[in-house]
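The values are calculated or read from the model by the stated rules, or taken from the named source; none is laboratory data. Nothing here was measured: the structure is a model prediction, and the numbers come from that model. Note: ideal-geometry Cβ built from the backbone for every residue, glycine included; neighbour counts use all protein chains shown. The protein model used for the area step is the full one, side chains on, heavy atoms only, and it has no ligands, DNA or RNA in it. Shrake-Rupley method; radii C 1.70, N 1.55, O 1.52, S 1.80 Å.
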Amino acid sequence: DTEVTQTPKHLVMGMTNKKSLKCEQHMGHRAMYWYKQKAKKPPELMFVYSYEKLSINESVPSRFSPECPNSSLLNLHLHALQPEDSALYLCASSQSGTGSSGANVLTFGAGSRLTVL
Amino acid sequence: GENVEQHPSTLSVQEGDSAVIKCTYSDSASNYFPWYKQELGKRPQLIIDIRSNVGEKKDQRIAVTLNKTAKHFSLHITETQPEDSAVYFCAASINNAGKSTFGDGTTLTVKP
């Protein structure tokens, strides 16, 4: 299995809803990432988990809460989002964890397209 | 922090022509430079990468060059085909830092 799988593909939620995005990889990769991508813009890093520990939080608002239950799974819990949070949320993984030698070659999932009403 | 500038923002070529996309970076500690291709509605996919101890790397019709002194790197696509049409992102990162800084992207259109 050489893929990163994300669910759901599409999500529509209201500003008071609580929802979660899920990401899974079975490549034995040691780092997993959440990126946010707006239309016609590059991916923006949100969080990095390395060896199941949060290693980078790019000052993301607390209405986004990441969770890494095990080395293969990464969740992003969403609560009280704003319409401007509507975007494509990309999960990625890399073989190397942060602090390990070797380049962080990213394998991206197909993304979850989030619309906040 | 790292800043990556990418040019041009749009590029239109005839099928069979070459395409060149250029990026500059600011942090001299950056030592890994990947290029991603993102087709409309799809995920970014790594197409080629280069590390700072190498000046050039080639994979069939795609090549990347790196000038560490000038802090710039370029993507070269030869014999372009319509299926090369996509948005291309360059990125720069420090090997094991876990952070990739992306350029703003180049929309390449290859006309048949």
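Quick look at the values:
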read-out	value
Odd one out for B:Leu66 among (1) in contact with a strand residue (DSSP E or B) (Cβ under 7 Å, 6 or more places away or on another chain); (2) open to solvent by 50 Å² or more (accessible area, probe 1.4 Å)	(2)
Every residue from segment B:48-66 that is within 18 Å of B:Thr101 (Cβ to Cβ) and either touching a His at 6+ places or on another chain (Cβ under 8 Å) or part of a strand (DSSP E or B) (or both)	B:Ile48, B:Asp49, B:Ile50, B:Arg51, B:Val64, B:Leu66
All strands (runs of 3 or more DSSP E) inside segment A:33-112 with 3 or more residues being open to solvent by 20 Å² or more (accessible area, probe 1.4 Å) and free of Cβ contacts under 8 Å to residues at least 24 places away in the same chain	A:53-57, A:64-70
Pairs, first without any contact (Cβ under 8 Å) to a residue 12 or more places away in the chain in segment B:91-102, second of a type outside the set (S, T, N, Q) and assigned to a loop (DSSP other than H, G, I, E, B), C-beta under 9 Å, six or more apart	B:Asn96/A:Gly97; B:Asn96/A:Gly99; B:Asn96/A:Gly102; B:Asn96/A:Ala103; B:Ala97/A:Gly99; B:Ala97/B:Ala29; B:Gly98/A:Gly97; B:Gly98/A:Gly99
Search result, residues across segment B:69-112 that are at pLDDT 95 or above, open to solvent by 60 Å² or more (accessible area, probe 1.4 Å) and at the interface with chain A (Cβ under 7 Å from one of its Cβ atoms)	B:Asp104
